[in-house]
1. Looking at (1) more than 10 Å from chain A (Cβ to nearest Cβ); (2) of a type in the set (Gly, Ala, Ser); (3) under 30 Å from A:Leu165 (Cβ atoms); (4) assigned to a loop (DSSP other than H, G, I, E, B), which one does B:Gly217 not meet, given that it meets all the others?
2. For region A:85-96, enumerate the residues that are of a type outside the set (Ser, Thr, Tyr) and more than 16 Å from the chain's Cα centre (by Cα).
3. Determine which single condition A:Ala189 fails, assuming it passes every other condition in (1) within 10 Å of chain B (Cβ to nearest Cβ); (2) assigned to a helix (DSSP H, G or I); (3) surrounded by fewer than 19 Cβ atoms within 10 Å (Cβ to Cβ).
4. (1) within 16 Å of the chain's Cα centre (by Cα); (2) facing another protein chain (nearest Cβ under 10 Å); (3) part of a helix (DSSP H, G or I): which one isn't true of B:Pro268, the others all being true?
5. (1) out of contact with any Gly (no Cβ under 9 Å at 6 or more places or on another chain); (2) in contact (Cβ under 8 Å) with a residue 24 or more places away in the chain: which one isn't true of A:Leu203, the others all being true?
6. Which of the following residues is within 20 Å of the chain's Cα centre (by Cα), part of a helix (DSSP H, G or I) and more than 13 Å from chain A (Cβ to nearest Cβ): B:Val155, B:Val176?
7. Just name the residue that is nearest to B:Val178 (Cα to Cα) out of those in region B:108-118 that are out of contact with any strand residue (DSSP E or B) (no Cβ under 7 Å at 6 or more places or on another chain) and surrounded by 15 or more Cβ atoms within 10 Å (Cβ to Cβ).
Amino acid sequence: MLYSLISRHSTMALVAESQKSGNMLLFLLWHVVHLIISVLYIVREILRAIESYLITNGYVKTNTNLNLDRVKYLGIVVDSDEARNTSQVIELLEWLSAIGVKKVCLYDREGVLKKSKEVFMEKFGSAKIPNEKLVSGPLLSKKRMDFEFVSLSDGKELVAKAANLLFKKYYVDADSEKPFFTETHLTDALKTLGAVEPDPDLLLIYGPVRCHLGFPAWRLRYSEMVHMGPLKYKKYGLILKAIHRFTKVKQNYGS
Amino acid sequence: MEVNPIITTDNSLKQMEEERSENIMTKLLTDLNSTARKLLFGAISTGPIPQHIAFIMDGNRRFAKKWKLTEGGGHKAGFLALMSVLKYCYEIGVKYVTVYAFSLDNFNRRPDEVQYVMDLMQEKIEGFLKQLTIVNKYGVRVLFIGDLKRLYEPVRIAAEKAMEATAKNTKTYLLVCVAYTSSHEIPRAIYESCQAKSGVVMNGNGSVNGDYNHEVGIKVVDLDKHMYMGVAPDPDILVRSSGETRLSNFLLWQTTDCLLYSPKALWPEMGLWQVVWGILKFQMSYKYLEKKKKQA
């Protein structure tokens, strides 16, 4: 009986050991998989750099004749930490201006770009911030672009403000008619609060991850969202490629 | 023996294989396949696993065109892909899965196609209701999200029955968005919040409820609570098949900190590798997105 007790105990210990080493094995496997992925990402970055070089220098003809009419409103989402590097943002805007983009919506979550609006205005012309009057800077006809600066407070919080507007309009008077709210009610309330700009057709996301980071939800319904990578690794040729791809997209809008 | 693809599990598939064929090779390969998948999932589970994945099931009609099927055939193939994807998600440990089955915009499609999709939904939901014991064994709670009044009557009835039948399950959730768009969801949440607020004001013959403060008004948390999707946490990954990069009015409010993933595969071609790759991408973005969530 003592023998069976000992053997049972040692079997259990063996099982526990093998489970532990099994877990170690899976843990190592996970790290190996992620290491391989990181290597693949580096290879992809190198290939993208080559591709961008080829496009920028005219070796790939198809990306050069852009039908910019389709991009009526371009949105740029920038990671807030990267947005603090104003010179990088200015370089990006210079590229967009050179391509011929006229209307840009600049979004970063914390409003860093909003704080630097004077810098952009000086360089590129007029700028507009929701709820503020149109302010114009010196007109340089070649480089002039229209800007809109947006941050997280222009998203869900603005919708909450619109909700309060609607509440005041329809619910303060107990006897008034209370319609079921539709998109029209919301859009009108938002217009009263200064949100008059259209939805961006194309959204370029500059950051480590493909995520719109809280861009105003009701403006994203049919926007194409392209992840461009971190701002510090931006490439001119890839912007051309993204715009070119966008002009080729066919949307059914659900039907 | 008729096989209902909705609830067929790995175990019952294996049983059928045994009954049908005595081929040892086949059995060996199936076991190997299943073990390999368990190993893969075990390795991935070492890192963070998303709690909620949402899918836009795009590409059924393109698939039908590619393989010269009828349009209905594309939707049917899409349904089979959905079952596989669900199985992999629940096996890996994802708790909430949301799928965009039918948009309010889709009512603009040709009437015969709309009818076909409605009929298919009704057929699948009713089939599902016949196999409730197995569904409840896996603890799947099914919720239909959207303006259900817009659905054709038999579909709506079947959907409500399915929701009632699985209401007690809490292990995993399947949220099926039908007759849904964010453009409808957001104003509706405002309407519901206003109704709730005015209900508080009207409490007790016009006298104001002690806790209610006129100045506070409606806040973002009130809107979150009244969204259709308020029943689940925000998605961690939003997957749109067919390589399209837009959200098409789906979960716009809920994707503030959500990883967007667009595999090139058409929806009926989606399977294990897209789910695995999506989760690996999520694991690579995890630290960054957690940081962003904390900053909000």
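1. Failed condition: (1).
2. Within region A:85-96, A:Asn85, A:Gln88, A:Ile90, A:Glu91, A:Glu94, A:Trp95, A:Leu96 qualify.
3. Here A:Ala189 meets the rest and fails (3).
4. With respect to (1) within 16 Å of the chain's Cα centre (by Cα); (2) facing another protein chain (nearest Cβ under 10 Å); (3) part of a helix (DSSP H, G or I), B:Pro268 is out only on (2).
5. All conditions are met except number (1).
6. Only one candidate passes the filter, namely B:Val155.
7. Taking the candidates together, the pick is B:Met118.
Results for (1) under 27 Å from B:Leu272 (Cα atoms); (2) of a type outside the set (Lys, Arg), shown as yes or no for each residue.
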position	(1), (2)
B:Asp58	yes, yes
B:Arg61	yes, no
B:His75	yes, yes
B:Phe79	yes, yes
B:Tyr116	no, yes
B:Ile125	yes, yes
B:Val142	yes, yes
B:Thr166	yes, yes
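The values are calculated or read from the model by the stated rules, or taken from the named source; none is laboratory data. Treat the numbers as computed from the prediction; the structure is a model and nothing was measured. Positions of Cβ are backbone-derived with ideal geometry, glycine not excepted, and every protein chain shown enters the neighbour counts.
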